[in-house]
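Q: Okay, here's the structure, questions in a sec.
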Amino acid sequence: MEVKTIDTELLKKMFLAGAKNLDSKKEWINELNVFPVPDGDTGTNMSMTIMSAAKEVAAIEEPTIASLSKAISSGSLRGARGNSGVILSQLFRGFCKVIKEYDELDVRILNDACQKAVATAYKAVMKPKEGTILTVAKGAADKAAELADETDDIVFYMDAIIKEADRVLDLTPEMLPVLKQAGVVDSGGQGLMQVLKGAYDALIGKEIDYSLEETPSAGKVAVEDQPEEEIKFGYCTEFIIMLNKPLTNKEEAEYKAYLESIGDSIVVVADDDIVKTHVHTNDPGLAIQKALSHGALSRIKIDNMREEHQEKLIKDAQKLAESQKQEAVAEPEMPHKDMGIITVSIGEGLNEIFRGLGVDYIIEGGQTMNPSTEDMLTAISKVNADHIFILPNNKNIIMAANQAASLTEDKEIIVIPTTTVPQGITALVNFIPDRSASENKATMEEEISLVKTGQITYAVRDTEIDGKVIKQDDYMGIGDKSILSVGTDLMATTLEMVDQMVDEDSAIVSIYYGSDMDEEAANEVAAKIEEQYPDLEVEVNDGGQPIYYYIISIE
C-alpha cells in the first residue's frame, strides 16, 4: 500500500498507537536497565511521559494538526519523567514545532520535523552521550533526510527509517561499554522504537484499540482500599476549562490555591487554551463556579467516591496526586522570602532529616517513582521565594528539574545537581541564609563534589558488569560510578563497599537504614566500621527508604 499524506485523523491514530505500544512494552524495557537493580524504570518513565500527552490528545473532540501538536508537546513536556522521558518530550516538542503549521503531512514535512526533533533533543542535553536514545533518534533522522528526495510514499519511508533506527539501536552496546558488559541495548532507544513501530502499525491500517485504559500503577489507590469514613472529600470532580485567555502565573496560582481551600488531591495542568482540573471536594459546585470565571467548561465528570468505594478505582488524576504525593513542609500561606528550597525525598526518616535542615517543600519520589516536570512546577508554585533551589537527589531527575526551571519565568530556579540523597543533605548543611543565592550555589556545588555515596540493594537478574559476576538475589554495593561489591551476605557486602569508598581523606561515615532494616542491624554495621576504621566518626540515621537496605555516605 501507498500513503502520500497524513491527515489529522491518521496523525491522531498514529500517536495513540505509538503511546499504547510503548505502554504495553514498559516492563520489558525496564528489564533492559544496565544495573540489575529493582528500580529500573526507563520504560515506566517513558510510558508515563507519553501517556500524559496521549490523554491530552484523546480528549480533543474535533482535532486539527495544530491542536494535536499542542497537546502532544505540552502534555509530554509537563508529564516528562526521568532522563529518557525528558528527551522523548523534547523529541516531540521539536517535531511538533514543524508539523503544527500544516493541515496535511508529506515526506518533506516529516523530514523537516525529524531534523527539528533531533536538534531540539540534543540541545536540551548538556553533555549528549552516544549509544543512547539520542543516537537512535539521530539514526532515524539521518535516514529520513537521505530518503526525502527519493520517495513520496510515507509507508516505504517510515519502514526504511524504522529498519535503520533498529540497526543503530543494535549498535548501541558497541558505543557504550557498560551496555556491552550488561548484554543489553539502550533502554531509552528501545522505548523510542516502540513508539515508532506502534505509529507505523496505525499508518498501514493495522487494527488497534485506540482507547486509553486505566491501568493501576505505583501509588494508585483503590477506593475499596480506602474505608468510607477515611474519605474526607466525597466527590471526585474533573473538567476542562476552555480559556477565554491564557492564565497568568498569578492567576494559575490563585486558582490552585482556591481549589486547595475547598478540597484535596488537586491536579491542575494549564496550557494557553485549556486547563485540565481534578479535585476532591464536598462541593463540586464551588469548583465549577470558580472555573467558569476563566472560561467555558467541557468534559465535566463528578463521581461520588463514598458510593463507589467497593466498585471502582479513583480516576486518573487521583493516581497522579497519590503516586507523586507532595508534602509541603511550610504552612499553607508561606511568607515571602528571598531563598527557598525544594528537595526530592523518599522515606519518612529522610523526610524528617530534610525538614530539620529547613527544606520548604518535599516532593515524594526518587528511585521508584521519578517526579515529573509538572510535579516540579507544582512545588515551585508553592514556595513563595524569589530564588528557589531544587535538590533532585537522583541523576535521573535532574533533567526534569532543569525543564521545570526553563518553564518558570517569575522566579529564579537554581538546580543543584545532587545525584544522591547524601549529596542533598550535604548541600543543605552548607546552605547559609545570610549569603546570596549565587554564593550558596557555588558553595553547595563545591561541597557535594566531596561526598561519596554507596547504596546496598539486591540484584533482580543475572549479569556481569564492572568485572563482577552477579546472580539474581545477590546483594550489591553500588557506588557513584560503578558496582563496588557483590555477595550473598549483607553485612560482608556492605563492609566491602565501605572499604572501597574509604581513603586517607575520609572523616565521617553516615548510615541511613531503609524500611527493610532496623536500628539494631544498622548499629551492628556501624560497630564493624568503627572497629575497622577507629579514626572515622560513624553516625546512624533512620532513612526509611524502600529498595535500598543502606545508603552510606563518606566525607
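The values are calculated or read from the model by the stated rules, or taken from the named source; none is laboratory data. Only a predicted model underlies this, so the values are computations on that prediction, with no experimental measurement involved. Neighbour counts are summed over all protein chains in view; Cβ atoms, including those assigned to glycine, are modelled from backbone coordinates with ideal geometry.
Q: Somewhere in the range 1-24, is a residue modelled with pLDDT under 85, under 24 Å from I204 (Cβ atoms) and in a loop (DSSP other than H, G, I, E, B)?
A: Residues of the range 1-24 that are modelled with pLDDT under 85, as a first pass: 1.
Imposing the further condition that a residue be under 24 Å from I204 (Cβ atoms) reduces the set to 1.
If we keep only those that are in a loop (DSSP other than H, G, I, E, B) too, we end up with 1.
Within the range 1-24, one or more residues are modelled with pLDDT under 85, under 24 Å from I204 (Cβ atoms) and in a loop (DSSP other than H, G, I, E, B).
Q: Okay, moving on. Under 7 Å between Cβ atoms, which residue pairs at least 6 apart in sequence (or on different chains) link something in the range 100-113 that is closer than 14 Å to L11 by Cβ with a partner that is of a type in the set (D, E, K, R) and part of a loop (DSSP other than H, G, I, E, B)?
A: E104/D7; D106/K4; D106/D152
Q: Could you tell me whether any residue of the range 511-525 is part of a strand (DSSP E or B) and of a type outside the set (F, W, Y)? Spell out the reasoning first.
A: Looking only at the range 511-525, we keep the residues that are part of a strand (DSSP E or B), and these are 511-513.
Going one step further and asking which of them are of a type outside the set (F, W, Y), we end up with 511.
The answer is yes; a qualifying residue exists.
Here is a yes/no grid of residues against (1) of a type in the set (G, A, S); (2) under 24 Å from M501 (Cβ atoms); (3) in contact (Cβ under 8 Å) with a residue 12 or more places away in the chain; (4) touching a strand residue (DSSP E or B) at 6+ places or on another chain (Cβ under 6 Å):
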{"position": "F431", "(1), (2), (3), (4)": "no, no, yes, no"}
{"position": "A437", "(1), (2), (3), (4)": "yes, no, yes, yes"}
{"position": "E447", "(1), (2), (3), (4)": "no, yes, yes, no"}
{"position": "V451", "(1), (2), (3), (4)": "no, yes, yes, yes"}
{"position": "Q455", "(1), (2), (3), (4)": "no, yes, yes, yes"}
{"position": "A459", "(1), (2), (3), (4)": "yes, yes, yes, yes"}
{"position": "D462", "(1), (2), (3), (4)": "no, no, yes, no"}
{"position": "D466", "(1), (2), (3), (4)": "no, yes, yes, yes"}
{"position": "V469", "(1), (2), (3), (4)": "no, yes, yes, no"}
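Q: Among the residues in the range 387-410, are any at pLDDT 95 or above, in contact with a Lys or Arg (Cβ under 6 Å, 6 or more places away or on another chain) and within 21 Å of E254 (Cα to Cα)?
A: The answer is yes; a qualifying residue exists.
Q: Note down all Cβ pairs under 6 Å where the first residue falls in the range 149-172 and is under 26 Å from S187 (Cα atoms) and assigned by TED's automatic domain parsing to the domain that holds F15, the second is part of a loop (DSSP other than H, G, I, E, B) and of a type in the set (S, T, N, Q), and they're at least six residues apart or on different chains.
A: Y157/T151
Q: Tell me which residues, restricted to the range 172-228, are of a type in the set (A, V, I, L, M, F, W, C), closer than 24 Å to G82 by Cβ and at pLDDT 90 or above. First the steps, then the outcome.
A: Residues of the range 172-228 that are of a type in the set (A, V, I, L, M, F, W, C), as a first pass: 175-176, 178-179, 182, 184-185, 192-193, 195-196, 199, 202-204, 208, 212, 218, 221-223.
If we keep only those that are closer than 24 Å to G82 by Cβ too, we end up with 175-176, 178-179, 182, 184-185, 192-193, 195-196, 199, 212, 218, 221.
The answer is M175, V185, L192, M193, V195, L196, A199.
Q: Also: If D466 meets every condition in (1) in contact with a Ser or Thr (Cβ under 6 Å, 6 or more places away or on another chain); (2) modelled with pLDDT of 95 or more; (3) over 23 Å from E524 (Cβ atoms) apart from one, which number is that one?
A: Condition (2) is where D466 drops out.
Q: Out of everything in the range 347-374 that is among the acidic types (D, E) and under 24 Å from A253 (Cβ atoms), what residue ends up being modelled with the highest pLDDT? Even if it seems obvious, please write down each step before you answer.
A: Looking only at the range 347-374, we keep the residues that are among the acidic types (D, E), and these are 348, 352, 360, 364, 374.
Applying the additional criterion that residues be under 24 Å from A253 (Cβ atoms) yields 360, 364, 374.
Values: D360: 95, E364: 86, E374: 90.
Per the stated criteria, the residue is D360.
Q: The conditions are (1) more than 24 Å from L171 (Cβ to Cβ); (2) surrounded by 18 or more Cβ atoms within 10 Å (Cβ to Cβ), and L91 fails exactly one of them. Which is it?
A: Failed condition: (1).
Q: Determine, yes or no, whether A121 is part of a helix (DSSP H, G or I), in contact with a Lys or Arg (Cβ under 9 Å, 6 or more places away or on another chain) and among the hydrophobic types (A, V, I, L, M, F, W, C). Lay out the reasoning, then the answer.
A: Values: part of a helix (DSSP H, G or I): yes; in contact with a Lys or Arg (Cβ under 9 Å, 6 or more places away or on another chain): yes; among the hydrophobic types (A, V, I, L, M, F, W, C): yes.
So A121 fits the description; yes.
Q: Additional query: Please pick out the residue among M339, M334 that is under 21 Å from I390 (Cβ atoms) and modelled with pLDDT of 85 or more. Walk me through how you get there before you give the answer.
A: On the way: M334 fails: modelled with pLDDT of 85 or more.
That would be M339, the only listed residue that is under 21 Å from I390 (Cβ atoms) and modelled with pLDDT of 85 or more.
Q: Quick one: how many residues across the range 414-429 are over 23 Å from K481 (Cβ atoms) and either of a type outside the set (A, V, I, L, M, F, W, C) or touching a Phe, Trp or Tyr at 6+ places or on another chain (Cβ under 9 Å) (or both)?
A: First, pick out the residues of the range 414-429 that are over 23 Å from K481 (Cβ atoms): 414, 428-429.
From what's left, either of a type outside the set (A, V, I, L, M, F, W, C) or touching a Phe, Trp or Tyr at 6+ places or on another chain (Cβ under 9 Å) (or both): 414, 428.
Of the residues in the range 414-429, 2 are over 23 Å from K481 (Cβ atoms) and either of a type outside the set (A, V, I, L, M, F, W, C) or touching a Phe, Trp or Tyr at 6+ places or on another chain (Cβ under 9 Å) (or both).
Q: Let me ask you something else. Looking at S515, S482, S510, can you tell me which residue is touching a residue at least 40 places away in the same chain (Cβ under 8 Å) and surrounded by fewer than 19 Cβ atoms within 10 Å (Cβ to Cβ)? Write out each step before concluding.
A: Numbers: S482 fails: touching a residue at least 40 places away in the same chain (Cβ under 8 Å); S510 fails: surrounded by fewer than 19 Cβ atoms within 10 Å (Cβ to Cβ).
After ruling out the rest, the residue left standing is S515.
Q: Collect the residues in the range 55-73 that are among the hydroxyl-bearing types (S, T, Y), part of a helix (DSSP H, G or I) and touching a helix residue (DSSP H, G or I) at 6+ places or on another chain (Cβ under 7 Å), keeping them in residue-number order.
A: S69, S73 - these are the residues of the range 55-73 that are among the hydroxyl-bearing types (S, T, Y), part of a helix (DSSP H, G or I) and touching a helix residue (DSSP H, G or I) at 6+ places or on another chain (Cβ under 7 Å).
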